[in-house]
């Protein structure tokens, strides 16, 4: 995903990426890093699913790392948030969602990977929910290549738009492995 | 001797052989036997050799599994990254070599413990780091660890320049640069399609217009069509030309004539009252112009079956006229495009508008938004300035403002404008020079070249109009 994103000139000059994992705890494993310097880390799915905690962590990270426009500071573009989960939250996810809703994102896409995840629940987090029938490495890879294409399109759109992309309709068509949850 | 004894005892015990008290003497003799002593020695040596071999294997496996990250490189950018054995805990490496570095345009400098060079090709480069450890013999083969080095492509090489579709009904030229007389001055203006649009073959969405009007007035207009709006290129064209057309209408010419009298009164008596009358005049007259342009966009959208927001565009304009006592500037602006006048000795900058910037990048406002006209800040969008003389009147779209001024706080700073002018006169990376003189025959070529300056991440359409 990352190497194809590096081929997009707009992305390599403007995009920053951060990774937050959540199992029994949520933690930011890669701080917001410019695409040119970004290095992927190994992620393993283990333990429980503290989605609420993850939403809180992403909220704090947005507060701390996404710059707002002031007279002496150039603001960043609104962040795009991609959430992928293979399970049902095991913590108080609603309180996390409350925090997350207070932050402005250009858009948020949630992906329910495999039968263990609840796409209806994800619908409460964002309008834009997709699901994968199986959470195998091939389908997940397809999801991420679509994510990277979306970042490519959006970093252009948000940039010269002055207005954000809001629905999945404005993103590249998802691969066949992805089901759009309506 | 005691060590040997303990060693053999343990060995025997592991094999269920006990040496009872009654046999101790014989056992001692057994150990002292020359042949037996030699055998024991061999056993100990073999054991030590075996353990050393295992430790080596274990250590190699440890180094192989160790996550080694080196800074990403970029093609065309000189690279320098620490690759310090001590930091990795590799004090036991006795010999090493790299393979694959040279092909990538890099080399390892043992003295500075750095990988340096100028990467020539992008990709996830697999570098083979071959090493030998303490304990390995000289003739043993190297152990090989693969380290991935990410080399980013040079973004400059990735931007494509695809032509826009000339058959599109709202097509406009990708690049325009003009030089002309305006009033008692000259205007140099350029509008260029940004790389982000050229990369996908879409259109330039910026636009500009200028004109000498009746009674000594001149007008300069700049509009920046929104990237997200599908017909904003038409929106900015309608807005710019519509504004000029408005001020050419007979009724507008007549109304503007009244300004002469107002200004005369203002100069005779610079009081609150006369200032208020002028402000009122500017508000009424330019406000009407802005609203007419908004209506024009609305009509066009309705006729073409478009939404008004499909034509989203920012709009800034300045009307100016030379009087005996100096120049009067009347202005209006919606969006993130600044307008400024520099005084004759470049010691002062007068801003003609404030710019609409949002909390996040890209946020701005457009003349197509009906709420603009109802907002309490509407009255503050107008400006009136009277200056004895001026050197430059400058209007620009955010494609110039973003890379050159970056933040609002820089706009009132004359130093930044002086820097901007020296940038124009050649103080830049490409040494692109624009000689702002009316008899410069190459002025449009020079300006067009300057407009193509490189600024990472700033690839929006660019429009810049300079009256001098």
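Here, each number is a calculation from the coordinates, and none is a lab measurement. The structure displayed is predicted, hence computed values, not measured ones. Here the Cβ is made from the backbone with ideal geometry for all residues, glycine too, and neighbour counts use every protein chain on show.
Can you give the Rg to Rh ratio of the protein assembly as shown, both from alpha-carbon atoms, with Rh computed by the Kirkwood formula?
1.18
What relative contact order, as a whole-number percentage, does region B:308-436 give when Cα pairs under 8 Å and 6 or more residues apart are counted?
Once normalised by length, the contact order is 26 percent.
Would region B:321-360 count as rounded, prolate or oblate if I go by the C-alpha gyration tensor, calling it rounded below 1.5 in a/c and otherwise prolate when a/b exceeds b/c, oblate otherwise?
Here region B:321-360 falls in the oblate category.
In whole Å, how far is the Cα centre of region B:145-198 from that of region A:15-76?
Using only Cα atoms to place each centre, the spacing works out to 33 Å.
I'd like the distance between the alpha-carbon centres of region B:393-413 and region B:285-339, rounded to an integer number of Å.
19 Å
Using a Förster distance of 56 angstrom, determine the FRET efficiency expected from the C-beta separation of residue A:4 and residue B:378, and round it to 0.05.
0.75
What FRET efficiency comes out for residue B:66 versus residue A:30 if R0 is 22 angstrom and r is the Cβ-Cβ distance? Round to the nearest 0.05.
E(calc), rounded to 0.05, equals 0.70.
Expressed in nm to one decimal, what extension gain is obtained for the pair residue B:270 and residue B:248 from 0.36 nm per residue of sequence separation less their Cα-Cα distance?
4.9 nm
Per DSSP H run of n ≥ 4, the term is -39500 (n - 2.57); total these for the protein assembly as shown, divide by its residue number, and report the mean residue ellipticity at 222 nm rounded to 500 deg cm²/dmol.
Helix contribution divided over all residues of the protein assembly as shown: -11000 deg cm²/dmol.
Calculated FRET efficiency, residue B:258 and residue B:299, Cβ-Cβ r, R0 22 Å, to nearest 0.05?
The computed FRET efficiency comes out at 0.20.
Any idea what angle helix B:2-14 forms with the longest principal axis of chain B, computed on alpha-carbon atoms, 0 to 90 degrees, nearest 10?
Result, in degrees: 80.
Using Cβ counts within 10 Å as a stand-in for footprinting exposure, how do B:58, B:212, A:53 rank, fewest first?
Lowest count first: B:58, B:212, A:53.
For residue B:279 and residue B:413 in the same chain, what is the full-extension length gain: residue separation times 0.36 nm, less their Cα-Cα distance, in nm?
Result for the pair: 45.7 nm of gain on full extension.
Where a ≥ b ≥ c are the square roots of the eigenvalues of the C-alpha gyration tensor, would you call chain B rounded, which needs a/c under 1.5, or, failing that, prolate if a/b is larger than b/c, or oblate?
It is prolate, given that a/c is not under 1.5 and a/b is the larger ratio.
How far, in degrees from 0 to 90, does helix B:232-248 lean away from the longest principal axis of the Cα atoms of chain B, to the nearest 10?
Roughly 20 degrees between the two axes.
What's the exposure ranking of B:264, B:170, going from fewest to most Cβ atoms within 10 Å?
B:264, B:170
Compute the angle between helix B:414-424 and the longest alpha-carbon principal axis of chain B, please, reported from 0 to 90 degrees and rounded to the nearest 10.
Result, in degrees: 80.
Using Cβ counts within 10 Å as a stand-in for footprinting exposure, how do A:50, B:337 rank, fewest first?
Listing A:50, B:337 from fewest to most nearby Cβ atoms yields A:50, B:337.
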